[in-house]
Structures are given as C-alpha cells and as structure tokens.
Amino acid sequence: MEADRTPKLSTLGDMVDTLQAAGRYTFDRDEALALLRVSRLTLKRAAMRLVAKNRIAAPVRGFYVIVPLEYRTPGAPPPSWYVDDLMRHLGKPYYVGVLSAASLHGAGHQQSQEFQVVTVAARRPLTAGRARVRFLGKRHCERTSTTGVKTETGTMRVSTPEATALDLLRYAPAAGGLSNVATVLTELAERFDPKSLCKAARAIGELAEAQRLGHILDFVNAGDRVEDLARLIAEARPRTTPLRPGRPTRGYPVDRRWRVVVNERIEVDL
C-alpha cells in the first residue's frame, strides 16, 4: 500500500504555511477541519489568532485568505487573488465588472476605490484588509459575455469590453455617474468589436442600456464603433428611454437616432 503523503499538520499555522508553499492562498473551514481534525471552536480560536497577526483574513464566514508577507501592512492581497475561490465558496455565478473590468481592459482613467463584482443578487459589501469588494445584482448574470483573465493565483471571470460598457450604463451610480461613465468610455471604446457589442446588447434582454450607450458614444465621438448597434436599435424600435432613469423627462430634447431623452448634462474629464 502506498504511504500517505499528506503532510502532518498540527496547527492552523502549519496548514497555512503548507498551503502557501504550494501556491495556494485560500481555504475554507471544512477543509481546515478535515486536515487538522479539531473542533469548530478550536479552529475558530486559532483563526482569530492568525487574523489578529495579519497572517490570514476572513472576508466571509468560513472562508479564509492567506496573507503573504508583502501584504501584511494592507492586511490582505488584492481581491483578484481570491475572488474566484470566494464565489465558488459562496456557490454563486459571478464576473468582475463595471469600473473594475474597465480598468482591467485598459480604461483606467478613473480608478474605482472598490473591487466590483456582479452576481445573481446584490449582497452586503465585504472587506479583506483595506480592500472593499462590492456586489452588484443581475438576475441572469450568467448571460453576460465574459472572458477569463489570469491572476497571480489562477484566473477570474471578467466581463468583455462590450458587456462592460453596457454595465457602466446599467450601474451608472456605482460607476460614478454618467459623466464618469462617458470619461471611461472614451478609452474603453477602443477595445470594442462592433459585432460583439450587438451580441452583448441582445444578451441582456432589453435595450435601454444599449440606447444610452449609443448616445454617449456619439457624444464622445466614438460613434464609428456602433453602426451595427444603431441598426439594431432602428430595427427593434424600442420605446424612448431617459438618459438618466428616475429623473423628469418633460421638456428635454430627444436623440432620435438612439431614442433617448437627454435629461442629463454630461461633462467628460479628459
């Protein structure tokens, strides 16, 4: 019989060191209980001691992030190191989106102060060290076009440039408002594929974000990237939508090309 090669672990600290040496930076409570063969109370107390020493972080109950030496001061590595494992632990589909995705695609004019994740339902933000992770809800988030992006510890799902642009309009308040969205789009539009933009617009099931996006892209002189999208809007003839939802529309001009009531003044920060 082959000898058991599982290293003998006597403490949670031993386990953390062993996982980090193997290139792993997350673990959950069930794994620790199985490896250490201790009670939940004993594990909880050991974890609290390591959290106090900034050796691990605990962004959600039962899930732990190992903190390497270079991240002891901020208290945790960046969310990109653990977001995929975190969402697997929570059992929820997800993708990194909005301003965080825009930055990953090179549109980093306005850096977000939080790491933005889209999943099936909004949930309370979490923190790990100094990092704040914000969750934005989208009922059918799995329909959104995404791509795998390599991280220091594996990969994570990130919305494509085209899907990111639509989400910037969907979550405009979380993206800093329409003026900030327009500023980000001046850079993000360079990554658009016109066919993929139409595909992403159809996938969301309704066209209000696509209409607003088209209007803003015309405003920032990137309208040459959206001719296919303009044809889609012309053929679908959706109802006119306000540029800024929830604000009065009477008396404001209408962009006939995109069927948008222009009820918000946009200023681009270049």
*Along the stretch 197-203, what does the Karplus equation 6.51 cos²θ - 1.76 cosθ + 1.60 (θ = phi - 60°) give for ³J(HN,Hα), rounded to whole Hz, x for Gly and Pro?*
5, 5, 4, 5, 5, 5, 5
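Order 10-20, 174-184 from most to least packed using the mean count of other Cβ atoms within 10 Å.
Working: 10-20: 16.5, 174-184: 20.7.
With the highest mean Cβ count within 10 Å placed first, the list reads 174-184, 10-20.
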*Run the dipole for the chain about the Cα centre, Lys and Arg Cβ at +1, Asp and Glu Cβ at -1, nothing else charged, and hand back the magnitude in debye, nearest 20.*
1120 debye
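Starting from the stretch 121-179, pick out the GluC sites (Glu not before Pro) whose DSSP state is loop and whose Cβ has at most 15 other Cβ atoms within 10 Å. Let's see the in-between values first.
On the way: sites: E142, E152, E162; in loops: E152.
Passing both the DSSP loop test and the Cβ count: E152.
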*Relative to the longest principal Cα axis of the chain, at what angle does helix 40-52 sit, 0 to 90 degrees, rounded to 10?*
70 degrees
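Return a whole-number percent for the relative contact order of the stretch 79-261, with Cα pairs under 8 Å and 6 or more residues apart as the contact set. Each step should come with its number before you reach the end.
Values: 296 pairs, mean separation 32.8, N = 183.
Contact order relative to length: 18 percent.
Per DSSP helix of 4 or more residues, -39500 (n - 2.57); summed, then divided by the residues of the chain. What does that give at 222 nm, rounded to the nearest 500? Walk me through the numbers on the way to the answer.
Values: 10 runs with 99 residues, N = 270.
The helix contribution divided over the chain gives -10500 deg cm²/dmol.
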*Fraction of antiparallel bridges per DSSP, the chain only, in percent to nearest 5*: 70 percent
*Between the stretch 138-173 and the stretch 8-48, the Cα center-to-center distance that results, in Å*: 32 Å
*Determine which lysines satisfy two conditions relative to K92: a Cα distance under 16 Å, and not lying fewer than 8 residues away in the same chain.*
K138
_Helix axis angle, 12-21 relative to the chain longest principal axis, alpha carbon, degrees_ = 60 degrees
*Which angle between 0 and 90 degrees, to the nearest 10, do you get for helix 227-236 versus the longest principal axis of the chain when only C-alpha atoms count?*
70 degrees
*23 Å tail of the calculated P(r), the chain, as % of Cα pairs*: 58 percent
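Read the figures in this text as sums done on the coordinates, not as results from a lab. Because the structure is a prediction, the values reported are computed rather than measured. Neighbour counts run over all protein chains shown; Cβ positions are idealised from the backbone, glycine included.
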